[in-house]
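Report on one structure; see the data block that follows.
Only the coordinates and a few stated rules stand behind these numbers; no lab work does. Being a predicted model, the structure only gives us computed values, none of them experimental. Counting neighbours? That spans all protein chains shown, and the Cβs are built from the backbone with ideal geometry, glycine included.
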C-alpha cells in the first residue's frame, strides 16, 4: 500500500487550520501529521526532529511571534530540501516575491477552491513547484517560456536577478548604476519579451529557467 504524503500546517488561525486538516485528510494519499500556531514553534520542532519525514509544509504568511517570511528564510538556510506552499488571505506582490525568493514552491490564497488546493499540493510534491494560475490566476499566465528561445541581454539577466530580491526598483537602479528611467525601460521590455505583466512573472520565469536558484 502506497504511504500517504505527510503534510504539516503552520497557521495561527485555529479554525482555519483545523478545517484545512479535515480537508486534506479527506484527500486520498494525504495526511496531516502536525499543526503549529507560528513559525517559532515549528522551527523548534524541526530542530528537535531533524530526520522527520515531511512531504509538504503549508505555511501561513501572517503569523504572530514569527511570521511566514522569517520562517521561510530560516527554512532556506537550514532545511532547503523542504517543500513549502505559502498561504495568505491577500495577493500582495511584495510578500509573494519575498516568499518565492526565499524558497516557497507555490503561493495559494486561503479562499482557493479545494480542487485547486489539491492540485497545488500534488504539483509541488511531484514536480517541485506550483506557479501556473498563481493566486487564482491573477498574476501570472505565462511563465513556462523556454529561455533558450528568448534572447536575453546580459544587463537584462542582471536586472532579473535583482528583481528576484526584496529590492525596490529604485534600489536596483542604484545597484546597476543606472537611472530609474532606464530600469523602467528594462522592466517594460522584459514584460513584453516574456509575455508577462508583473514582477511576480519575472521571479517565476527566473526560478523556472534557473536564472536564480531558491
Using alpha-carbon coordinates, inclination of helix 14-26 to the longest axis of the chain, degrees: 80 degrees
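Output the peptides 73-80, 3-10 sorted from most to least packed, where packing is the average of other Cβ atoms within 10 Å over each peptide's residues.
Values: 73-80: 15.1, 3-10: 19.2.
Ranked by mean Cβ neighbours within 10 Å, highest first: 3-10, 73-80.
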Based on the Cβ-Cβ distance from residue 73 to residue 111, what FRET efficiency comes out when R0 is 25 Å, to the nearest 0.05? 0.45
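Any chance you could run the full-extension gain for residue 119 through residue 151? It's 0.36 nm times the residue separation minus the Cα-Cα distance, nm to one decimal.
On the way: separation 32, 0.36 × 32 = 11.52 nm, distance 3.27 nm.
Contour length minus Cα-Cα distance gives 8.2 nm.
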If I model a spin label at residue 31 and residue 175 as a point 7 Å from the Cα along the Cα→Cβ vector, what separation in nanometres do I get? 4.4 nm
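Between residue 165 and residue 49, what length comes free when the chain is fully extended (0.36 nm per residue of separation minus the Cα-Cα distance, one decimal in nm)?
Working: separation 116, 0.36 × 116 = 41.76 nm, distance 3.06 nm.
Between residue 165 and residue 49, full extension yields 38.7 nm more.
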Only helices counted: for the chain, with every DSSP H run of 4 or more residues adding -39500 (n - 2.57) and the sum spread over all residues, [θ] at 222 nm is -14000 deg cm²/dmol
For the chain, find the longest principal axis of its Cα atoms and tell me its angle to the long axis of helix 180-194, 0 to 90°, nearest 10. 70 degrees
Quick one: angle between helix 39-48 and the longest Cα principal axis of the chain, in degrees between 0 and 90, rounded to 10, please. 70 degrees
Mean-square fluctuation check for the chain, GNM, Cα pairs under 10 Å: which of 105, 153, 197 is largest? 153
In what sequence, highest mean first, do 106-116, 33-43 appear when ranked by Cβ atoms within 10 angstrom? 33-43, 106-116
Once you place label points 7 Å from the Cα toward the Cβ at residue 188 and residue 126, how far apart are they in nm? 4.2 nm
The range 5-127: relative contact order from alpha carbon pairs under 8 Å, six or more residues apart, as a whole percent, is 23 percent
Out of 25, 102, 151, a Gaussian network model of the chain with alpha-carbon springs under 10 Å gives the largest mean-square fluctuation to 151
Tell me which label goes with the value of Rg and Dmax of the Cα atoms in Å computed from the coordinates here: [x] 19.5, 61; [y] 17.9, 60; [z] 18.1, 52. [y]
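With the contact rule set at Cα under 8 Å and sequence spacing of 6 or more, what percent relative contact order holds for the chain? Kindly include the intermediate steps, with their values, before the conclusion.
Values: 323 pairs, mean separation 33.9, N = 214.
Across the chain, relative contact order equals 16 percent.
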Spin-label model distance (nm) - residue 92 vs residue 16, 7 Å beyond Cα toward Cβ: 1.3 nm
